[in-house]
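This report refers to the structure that appears directly beneath it.
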Amino acid sequence: MELRGAVAVVTGASAGIGRATAWALAGAGARVAMAARRAERLEELRGEIEARGGEALAVRCDVTEVADLEGLRDAVMERWGRVDALVNNAGVPGSGPLADASLEEAERVIAVNYLGVVRATRVFLPILLDQGSGHVVNVASVAGRFGLPGASVYSSTKHAVVGFSESLHFEVEPRGVRVTALNPGFVRTEGFPQRGLPGIVVMRPERVARAVLRVLRSGKAPEATVPGWYKPLEMFRLATPPLYRWGLRMADRVRRRLPDEG
Amino acid sequence: MIDLSLQGRTAVVTGGSKGIGRAVALALAGAGADVALAARKPEDLEKAVAEIEGLGRRALGVPTDVGDPEQIRALVERTAAEFGGFDILVNNAGAAPFSATVDTMRPDGFEKYFRVNFISAWYACHFAAPVLLPRGPGACVLNVASVAALMATPSLSYYGTAKAAMVSLTRTLAQEWAADGVRVNAVAPGWIDTDMNAMLRASPDIERTIVSQIPIGRWGTAEDVAAAALFLCSPAASFITGATLVVDGGQTITGRLVP
């Protein structure tokens, strides 16, 4: 799609990948509705975007609350009357090794990372279908393609988002709407500090924001990966299952030596 | 239809008040772009700003010493704020104020002018990335290198190495940014009649030797370079990235650079 003048909604826009994506979309000339729980942060970002001649809307929104999402939808429709892109980015880190986490913590991760995507998509989808156009980009993770020892709940929410995106894409594609799961590798943000990982595998959130723009511009669906070199790793799982299992065991050994996981 | 129009675009040109930079800025403005100019001297900037405004375009003069990364950052931020982002970055600022062989050159002189001729361009690309990359197709960088990048440059090691680095940066960045649709190209001017070369032209002997080495038989003009720059920044060049376009009247094909 042409981003200049397009209306984009970004959840989890107060920091990290969401913030970088909102900023990049505004830089591309899109009108950006930013949603997050921390409204004061969004206001700051809105001010910066408007100071550069961009158009932005800041809406306090918890993606686990359907009423908040409906409020977000109504605010966007009232202001601009359409939605071209929905970037479901809001997410929280995993609750850690399953035996060490309470079920409550685990369910919270599922509520934000998975149900948040389903809810936001369900709230906005009728608009996109009515328009006969639009693109939903779900920021998943390479943990949505590989098991991540020490992050079983997080990894399963991202697997769910990948499956949700692929299924929904082929469900709505005939009606002009696209759905993409964008799977980033390790990204250093406030919520995901990625301490202890070698620098070479850690990206800045701006790199993922660039990938979101590329996906929107090209219409790539139902899946994209950043950086691209994770893609061949997926083949490796099919080609040599024993080696893949050995890789996951090694990943778990590495994790045990790290101060935290992401 | 071949499209050389830059209507609705905005550009930043470093070293934009005189010589090649000024000619490039005027060419971009002539094609419809609004232009921010960076240079050290406010009085030179004012003149160039007035010329661009004379073409009916918006112009912004930002006094900048490209030797200082913080001033490059401020240039990018100020232009982005005033113009609402920008689409074209022209890294033109450069200088070749002295000559000395490697064994006799003062190291701080080498470092200072390597910085002005090359590192400044790296910083400009680095700071402009968050503005240019979201713009995607239509956005581009133009680096003003030199034929000195392609030939030996006795007594001008700081200039030749910096310009060679500029050509390398052009290729590398072209590859890094291609997926986002942002193109990166360079021009490599030969002997161009600007203030930077006025001293050489003042000596009839050197003047004669130089012209004798240019197959086309004359000095280049800043407008010769600006025409190539305009083409590379225009939609007509949308399939060209990582290229270095030589604008030298055929001099590099003779294999001689210095009189």
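The values are calculated or read from the model by the stated rules, or taken from the named source; none is laboratory data. Everything quoted here is computed from the prediction, not taken from an experiment. Cβ sites come from the backbone with ideal geometry, for glycine too, and all protein chains shown count toward neighbours. Each accessible area value is taken on the protein alone, full model and side chains, heavy atoms only, with ligands, DNA and RNA left out. Shrake-Rupley method; radii C 1.70, N 1.55, O 1.52, S 1.80 Å.
With Cα atoms as the point set, the radius of gyration and Dmax of region A:130-253 evaluate to 15.5, 50 Å.
Relative to the Cα centre, what is the charge dipole magnitude of region B:38-162, using +1 at the beta carbon of each Lys and Arg, -1 at the beta carbon of each Asp and Glu, and rounding to the nearest 20 debye? Can you show the working numbers first?
Numbers: 11 positive and 14 negative charges, 38 e Å.
That gives region B:38-162 a dipole magnitude of about 180 debye.
Roughly how many whole Å is it from the C-alpha centroid of region A:49-90 to that of region A:162-228? That distance is 20 Å. Computed across region B:11-96, the Kirkwood hydrodynamic radius from all distinct Cα-Cα pairs reaches 12.3 Å. Surface analysis of region A:46-198 yields an accessible area of 41 Å² per residue, using protein heavy atoms and a 1.4 Å probe. Per residue, the convex hull spanned by the alpha carbons of the protein assembly as shown comes to 184 Å³. Taking amide H as placed 1.01 Å from N in the peptide plane, A:VAL9 has its amide H under 5 Å from the amide H of A:ALA33, A:ALA85, A:LEU86, A:VAL87, each at least 5 places away in sequence or on another chain. Give, ordered by residue number, each residue of region A:184-229 whose 1.4 Å probe accessible area is reduced by a minimum of 20 Å² on adding the remaining protein chains to the chain alone. For region A:184-229, once contacts with the other chains are taken into account, A:ARG210, A:ARG214, A:ARG217 lose 20 Å² or more. Amide H contacts of B:THR244: B:ALA186, each under 5 Å away and 5 or more positions distant or on a separate chain (H built 1.01 Å from N in the peptide plane; Pro and chain starts excluded).
Evaluating 6.51 cos²θ - 1.76 cosθ + 1.60 at θ = phi - 60° for every residue in region B:77-85, the Karplus couplings come out as 5, 5, 5, 4, 5, 6, 9, x, x Hz, glycine and proline recorded as x.
Buried accessible surface for the A/B chain pair comes to about 1000 Å², total over both chains, computed with a 1.4 Å probe.
About the Cα centre, and with charges only on the beta carbon of Lys, Arg (+1) and Asp, Glu (-1), how big is the dipole of chain A? Nearest 20 debye, please. Mind dumping the intermediate values first?
Details: 35 positive and 29 negative charges, 214 e Å.
Magnitude of the dipole: close to 1020 debye.
Scattering from chain A was approximated by placing one identical point on each alpha carbon and applying the Debye formula without solvent; log10 I(q)/I(0) at 0.12 1/Å stands at -0.68. Computed across region A:1-47, the Kirkwood radius stands at 10.4 Å (inverse of mean 1/r, all Cα pairs).
Shown in residue order for region B:48-53 are the 3J(HN,Hα) couplings computed by the Karplus curve 6.51 cos²θ - 1.76 cosθ + 1.60 at θ = phi - 60°: 5, 4, 4, 5, 5, 4 Hz (x for Gly and Pro). From the square roots a ≥ b ≥ c of the eigenvalues of the alpha-carbon gyration tensor of region B:103-259, which class results: rounded (a/c under 1.5), prolate (a/b over b/c), or oblate? Oblate is the answer for region B:103-259, as a/c is 1.5 or above yet b/c matches or exceeds a/b. Write down the accessible area per residue of region B:155-252 in Å², having rolled a 1.4 Å probe over the full set of protein chains. The answer is 42 Å² per residue. Couplings 3J(HN,Hα) for region A:240-257, derived from phi with the Karplus relation 6.51 cos²θ - 1.76 cosθ + 1.60 (θ = phi - 60°), are 9, x, x, 5, 5, 5, 4, x, 5, 5, 5, 4, 5, 5, 5, 4, 4, 8 Hz, where x marks Gly and Pro. What would the Debye formula give as log10 I(q)/I(0) at q = 0.21 Å⁻¹ for the alpha-carbon point model of region A:96-156, no solvent? Those come out to -0.85, one per q. Percent of Cα pairs in region A:52-115 per distance bin of 10 Å, from zero to the largest separation: 18, 39, 25, 14, 5, 0. Remark on B:LYS18: its backbone amide H falls under 5 Å from none of the residues 5 or more positions apart or on other chains, H modelled at 1.01 Å from N. Computed from the C-alpha gyration tensor, the three semi-axes of the ellipsoid equivalent to region A:189-262 are 25, 21, 8 Å, from longest to shortest.
Highest mobility in the GNM of chain B, judged by mean-square fluctuation with C-alpha springs under 10 Å and restricted to B:ILE20, B:ILE52, B:ILE240, is found for B:ILE240.
Please go through the residue pairs B:LYS18/B:LYS112; A:LYS220/B:LYS163; B:LYS41/B:LYS163 and name each one whose alpha carbons sit more than 32 Å apart in this structure. List each step's numbers first, then the result.
Details: B:LYS18/B:LYS112 21 Å; A:LYS220/B:LYS163 38 Å; B:LYS41/B:LYS163 24 Å.
In this structure, A:LYS220/B:LYS163 lie more than 32 Å apart at Cα.
Placing unit charges on the Cβ atoms of the charged side chains and taking the dipole of the protein assembly as shown about its Cα centre, the candidate lying farthest along the positive direction among A:TYR230, B:THR153, B:PRO63 is A:TYR230. Contact residues in region B:118-152 (at least 40 Å² less accessible area with all protein chains than alone, 1.4 Å probe): B:PRO134, B:ARG135. Extension gain for the segment B:GLU176 to B:PHE110, taken as residue separation times 0.36 nm less the Cα-Cα distance, is 20.9 nm to one decimal.
Counting only protein chain heavy atoms and rolling a 1.4 Å probe, the accessible areas of A:ARG122, A:ARG19, A:ARG79, B:ARG135 rank, largest first, as A:ARG122, A:ARG79, A:ARG19, B:ARG135.
Mean sequence separation of contacting Cα pairs (under 8 Å, at least six apart), scaled by the length of chain B, corresponds to a relative contact order of 20 percent.
Largest GNM mean-square fluctuation across B:ALA80, B:ALA95, B:ALA162, computed for chain B with C-alpha springs under 10 Å, falls on B:ALA95. The radius of gyration of the Cα set in region A:62-196, together with its Dmax, comes out at 15.6, 47 angstrom. The charge dipole of chain B, taken about its Cα centre with unit charges on the Cβ atoms of Lys, Arg (+1), Asp and Glu (-1) only, comes to about 260 debye.
Stokes-Einstein diffusion for region A:117-195, with the hydrodynamic radius set to the Kirkwood value over Cα pairs and evaluated at 25 °C in a medium of 0.890 mPa s, equals 182 µm²/s. Surface composition of the protein assembly as shown: carbon and sulfur atoms hold 55% of the protein heavy-atom accessible area at a 1.4 Å probe.
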